[in-house]
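Peer 1: Just dropping this structure here.
Read the figures in this text as sums done on the coordinates, not as results from a lab. Note that the structure is predicted; figures quoted are calculated from it, not measured. Because the Cβ atoms are built from the backbone with ideal geometry, glycine has one as well, and the counts that use them run over all protein chains shown.
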Amino acid sequence: MSVVVNEVRRGFYLDSVALMRMSRGIVARNGVEEAGMMMGTPANKRIMADAGVLNATGEAAQPGDLVIALRACDQLCADDAMAEARSVLDKPRGNSGATGESGQWTPRTIRAAHAQMPDANLALISVPGAFAAAEGRKALNRGINVLMFSDNVPVVDEVELKQLARERGLLMMGPDCGTAIINGVPLGFANVVPRGDVGIVGASGTGIQEVSCLLAQHGLGISHALGTGGRDLKADVGGITMLMGIELLDADAATRHIVIISKPPADSVARVVLERVGQSVKPFTVCFIGVTDMAMPANATLAPTLERAAQLASGANAVPDPRSALSAKGKHVRGLFAGGTMCAEVQVVFRDAGLKCVSNVAIPGVGEFDGNWRQHALIDLGDDDYTAGRPHPMIEPAVRDEPLLAALKDADVGVVLIDFVLGFGAHADPAGHLVAALGARGVGGTVIVASVTGTEADPQRRSSQVRILEAAGIIVAPSNASAARIAVQLVRD
Amino acid sequence: MTDIAQTIDAANKEAVRRILSSEPVLIGVVRASEALPRLKAGTILHAGPPISWERMCGPMRGAVTGIAVFEGWASDLDDAERKAAAGAFTFEPNHHYDCVGPMTGMTTSSQMLMVVQNKTFGNLAYCAINEGLGKVMRFGGNDREVLDRIRWLTDVLGPALDAAIKDMGGIPLKAVIARGLTMGDEMHQRNVACSSLLLRQLAPALARTAKDNETLAKCLTFIGANDQFFLNVAMAMGKAMTDPARGIAGSSMVTAMCRNGTDFGIRVSGTGDQWFTAPVEMPKGLYFPGYSEADANPDMGDSAIVETIGLGGFAMGAAPAVVGFIGAGNASEAAVFTRAMGEICLADNPEWTIPSMDYKGVPTGIDIRLVVETGLMPTINTGVAHKKPGVGQVGAGVVKAPRGCFEQALVAFAATMGVKA
């Protein structure tokens, strides 16, 4: 026995074409025999009556009222269809974005962007540091995970944001999170690496890039790479994001092996993190850059360098460093780095080789750079002292031109160590830029040793960058650590 | 989310609910002195926030002197000017008397006002009858022709309309707006569809109730020749819809925007009847032949009440023809205006939709927090008056509400929430 159900919305007008489209959707529902959504004019009511969908409720509608009239096989189907009709009418319309409108509208707020893309679950926030925390709170309060690229965010805000995120079960990557790869989608500075079963949680963006690229060289891929921001493992933040990241990757069926990357953490934080590592059944590689001696849980292995971390995670053997036919004329190494973690890794190699060096971002066991260039000086050009008011050298390699030319003119400098970081966000042709900066003088009497962090699938294509450098007489090492060892060898010989 | 944010969200939800659940109906035309017992002889209601004679712009002064002569409070325009300067008249905003008026917005005791009742809440709002285009008092016109027309509106058209509307039992307005949006009106700059729709409904009743055929013909001709006839109806409707949303503690929604040619003023629900004002800006737009921006008076009128309920500049996506007229770019860019206003509004109106934007509802309920946060100022479609009294309209365009109003309002609003700026 068929059931006829009518509902009237007083003074609710919609264009008839829109209503017919909606009606079609209702008719298509299970158990619905006929349905109409029409304004209550006499002519429309006659149509609905003839179709056998009108009852006394609909008959009482005025021309300015909307009638929802339907006939279904039973009450259940009728109620279901009426509920659908209501929801179709009440659904916000036309917020799918600017499709078909030649004047495109880019949302100005997280609120508006979320309205345009209601199922979005991650916001990438890159606004000046002073405003970033406010935007981060807005995203988290909407239930959206955050990757905060912004730096110069006060640490109290970082703690508050991460606590809020933890309460809400959301991931707060950053502030100062440069790199993440989630479900194969690169965010911030990241390389095109294959998908695979190694998961990374890193407090260092370039660290994540170097490890993921070396893994790609070894034929391995990434499940997810999560960034935490550089301060996450300090005592006041307490490793909140690191712990949540480990939690996520531990629970992720696609992740077989987990790599942790950070500068040496606070003791209290290291303890908590390693305790959590020990609870997992998955194997871990722990790279607290430069830390060579720390008790590890049974399922974890310590890697002092990024290179070693990639070897441990892939099971690949160390390859011998390429031998250079060149010899260094000057006594000292001048390292000029775009990636801060690259600079740190080189310091580890120098320190562990027993070679005294200094740096503006010194790791434990290495001296602070004091302005005296007559020693092995390893400089992070991405440090705030060099980037204040200027772009980061990964984006604008010209930042390195002046110190590089100065080093080449300095007879005391035998080897210049440099790094190139490719991928999204990085300069389109850093190798070409460097060669152009050298100009006619070329490398002169100085040996330049470079590493290139990248893959063949990167927009810059690693092999073509390598070719440009080698053609200019620059030695290209397979990894940043390898480049450091070659430099050590050259000044020792 | 913090308690304060939750309180504000709940209050704003209620404020929006009051606007969206309104059922505005045009119920008649009434003499101001009968409808507004507080409105005494010698009191002149004007558009915008409060202003003194000394600070009034040229067109506003022109209108004041004209209406004073019309009311018989001055023998001629010079006499009216002397009296105004001597403090013989009391000036008050329309908004303080449940009224709104376009441009100069003169409302005085013997004029006939259209009445819109919000059936949901029972409140009434009033607006004078639109005078048509050309040399008119709302643009500061004040010569014999202008005053004679107001006399005719008062003596003939007003009573005739009243009889017709009452004969029909009132005219529900929401459905008229909904259809007008699908026909290219945004109810501020362009009212041609709604004016026609209204006349289509009124004509049979006017024919039934008119005194004689000649009067009927004149009334039909006047309405039919005035593409902006519906504007004043839409304004009274806007006032009737926003008034119930006033005074909701914790609501950061704008309940009124208006301009007096000198200051722009807004009211916010949570701060009650306090005005937040800043200097008005100059409209950007197109000018009639022979005029330029040098002739233009700054922004004026209570008509921004239609933007306050999501029409006008907020419904630009419905009215590509307007975008062309105001020189804002390609017709297809109309949607961008509406999208932008969506960023500063609390809701979309599900009943007032824009076909060319996939039936997106017009953005409704301006949140001062979002205005300050995004730096997107409400866009208002407007006519442009000559800066000298008595000349009239010289163009049309868009104008932005000044940021200062919203910043002041936000600070005051924060104080009501116990937050210090």
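Peer 1: Across peptide B:162-175, what mean number of C-beta atoms from other chains lies inside 10 Å of a residue's C-beta? Could the numbers behind the result be given before it?
Peer 2: Working: counts 0, 0, 0, 0, 0, 0, 0, 0, 0, 1, 5, 2, 5, 10.
That average works out to 2.
Peer 1: Out of the range A:407-481, which trypsin sites (Lys or Arg not before Pro) are coil in DSSP terms and have no more than 16 other C-beta atoms within 10 Å?
Peer 2: Working: sites: A:Lys409, A:Arg441, A:Arg461, A:Arg462, A:Arg467; in loops: A:Arg461.
Within the range A:407-481, the qualifying trypsin sites (Lys or Arg not before Pro) (loop, at most 16 other Cβ atoms within 10 Å) are A:Arg461.
Peer 1: If I model the range A:377-493 as equal point scatterers sitting on the Cα atoms and use the Debye formula, what is log10 I(q)/I(0) at q = 0.12, 0.14, 0.17 Å⁻¹?
Peer 2: -0.41, -0.56, -0.84
Peer 1: Averaged over peptide B:373-379, how many Cβ atoms belonging to another chain are found within 10 Å of each residue's Cβ? Intermediate results must be reported in sequence, preceding the final value.
Peer 2: Numbers: counts 5, 5, 1, 3, 0, 0, 0.
The per-residue average across the peptide is 2.
Peer 1: From the Cα gyration tensor of the range A:103-176, with a ≥ b ≥ c the square roots of its eigenvalues, which class applies: rounded if a/c is under 1.5, or else prolate if a/b is larger than b/c, or else oblate? Please report the intermediate quantities before stating the final value.
Peer 2: Numbers: a/c = 2.47, a/b = 1.40, b/c = 1.77.
In terms of gyration-tensor shape, oblate.
Peer 1: Something else: Let me spell out the model: positive unit charges on the Cβ of Lys and Arg, negative unit charges on the Cβ of Asp and Glu, origin at the Cα centre of the range A:339-493. What dipole size does that give, in debye rounded to 20? Intermediate values should be presented prior to the final figure.
Peer 2: On the way: 12 positive and 19 negative charges, 90 e Å.
The calculation lands at about 440 debye.
Peer 1: Which entries in B:Lys174/B:Lys284; B:Lys174/B:Lys387; B:Lys83/B:Lys218; B:Lys135/B:Lys239; B:Lys360/B:Lys400 show an alpha-carbon gap greater than 32 Å? The partial results should precede the final answer.
Peer 2: Details: B:Lys174/B:Lys284 30 Å; B:Lys174/B:Lys387 35 Å; B:Lys83/B:Lys218 36 Å; B:Lys135/B:Lys239 26 Å; B:Lys360/B:Lys400 23 Å.
Flagged as over cut-off: B:Lys174/B:Lys387; B:Lys83/B:Lys218.
Peer 1: Over all alpha-carbon pairs in the range A:3-90, figure out the percentage whose distance exceeds 15 Å. List each step's numbers first, then the result.
Peer 2: Values: 1883 of 3828 pairs.
So the portion of pairs separated by more than 15 Å is 49 percent.
Peer 1: Cα convex hull of the range B:49-121: how many Å³ per residue? Don't jump to the answer; show the numbers that get you there.
Peer 2: Details: hull volume 6.9 nm³, N = 73.
Output value, Cα hull per residue: 95 Å³.
Peer 1: Under the √(5λ) rule applied to the eigenvalues of the Cα gyration tensor, what semi-axes describe the equivalent ellipsoid of the range A:170-251? Give them in Å, descending.
Peer 2: 21, 13, 10
Peer 1: Mean separation of Cα pairs under 8 Å and 6+ residues apart, divided by the residue count of chain B: what relative contact order is that in percent? Walk me through the numbers on the way to the answer.
Peer 2: On the way: 1049 pairs, mean separation 86.2, N = 421.
The normalised contact order for chain B reaches 20 percent.
Peer 1: Next up: Rank by packing, highest mean first: peptides A:19-30, A:353-364, B:374-385, with packing defined as the count of other Cβ atoms within 10 Å averaged across residues.
Peer 2: Details: A:19-30: 15.4, A:353-364: 17.1, B:374-385: 23.7.
Output ranking for A:19-30, A:353-364, B:374-385: B:374-385, A:353-364, A:19-30.
Peer 1: Next up: Can you tell me the order of A:310-318, B:41-49 when each peptide is scored by its average per-residue count of other Cβ atoms within 10 angstrom, highest first? The partial results should precede the final answer.
Peer 2: Working: A:310-318: 17.7, B:41-49: 23.0.
Highest mean packing first, the order is B:41-49, A:310-318.
Peer 1: Let me ask another. Could you tell me what fraction of 2.2 N^0.38 Å the Cα radius of gyration of chain B comes to, as a two-decimal ratio? Please report the intermediate quantities before stating the final value.
Peer 2: Numbers: Rg = 20.1 Å, N = 421, 2.2 N^0.38 = 21.9 Å.
In units of the 2.2 N^0.38 Å rule of thumb, it is 0.92.
Peer 1: What is the Cα coordinate range of the range B:24-166 on the first, second and third principal axes, sorted by size from largest, in whole angstrom?
Peer 2: Projected onto the principal axes, the Cα atoms of the range B:24-166 cover 44, 29, 24 Å.
Peer 1: Expressed in nm to one decimal, what extension gain is obtained for the pair B:Arg82 and B:Arg151 from 0.36 nm per residue of sequence separation less their Cα-Cα distance? Don't skip to the end; give the middle numbers.
Peer 2: Numbers: separation 69, 0.36 × 69 = 24.84 nm, distance 2.35 nm.
Here the segment from B:Arg82 to B:Arg151 would lengthen by 22.5 nm.
Peer 1: Moving on. Relative contact order, percent, of chain A when contacts are C-alpha pairs under 8 Å separated by at least 6 residues? Could the numbers behind the result be given before it?
Peer 2: Working: 1058 pairs, mean separation 47.0, N = 493.
Relative contact order here is 10 percent.
Peer 1: Moving on. What dipole magnitude, in Debye to the nearest 20, does the range A:3-90 give about its Cα centre under +1 on Lys/Arg Cβ and -1 on Asp/Glu Cβ?
Peer 2: Values: 9 positive and 12 negative charges, 50 e Å.
The calculated dipole for the range A:3-90 is roughly 240 debye.
Peer 1: Translational D (Stokes-Einstein, µm²/s) of the range B:245-416 at 10 °C and 1.306 mPa s when Rh comes from the Kirkwood sum over C-alpha pairs? Provide the component values of the computation, followed by the final result.
Peer 2: On the way: Rh = 16.3 Å.
Estimated via Stokes-Einstein, D reaches 98 µm²/s.
Peer 1: If contacts are Cα pairs under 8 angstrom and at least 6 residues apart, what is the relative contact order of the range A:332-492 in percent? Show your work: numbers first, answer last.
Peer 2: On the way: 310 pairs, mean separation 39.8, N = 161.
Over the range A:332-492, the number comes to 25 percent.
Peer 1: Quick check: convex hull over the Cα atoms of the protein assembly as shown, volume per residue in Å³, rounded to an integer? Before the final figure, lay out the partial values.
Peer 2: Values: hull volume 186.3 nm³, N = 914.
Value for the protein assembly as shown: 204 Å³ per residue.
Peer 1: Sticking with this structure for a sec: Dividing the convex hull volume of the alpha carbon atoms of chain A by its residue count, what do you get in Å³ per residue? Spell out each step's value before the answer.
Peer 2: On the way: hull volume 91.7 nm³, N = 493.
In chain A, the Cα hull volume divided by residue count equals 186 Å³.
Peer 1: Would you mind ranking A:Leu54, B:Leu231 so that the residue whose beta carbon has the fewest other beta carbons within 10 Å leads the list? Walk me through the numbers before you get to the answer.
Peer 2: Numbers: A:Leu54 24, B:Leu231 27.
Going from least to most buried by this count: A:Leu54, B:Leu231.
Peer 1: State, to one decimal in nm², a quarter of the convex hull surface area for the C-alpha atoms of the range A:178-318, i.e. the direction-averaged projected area.
Peer 2: Working: hull surface 28.5 nm².
With every direction weighted equally, the projected area is 7.1 nm².
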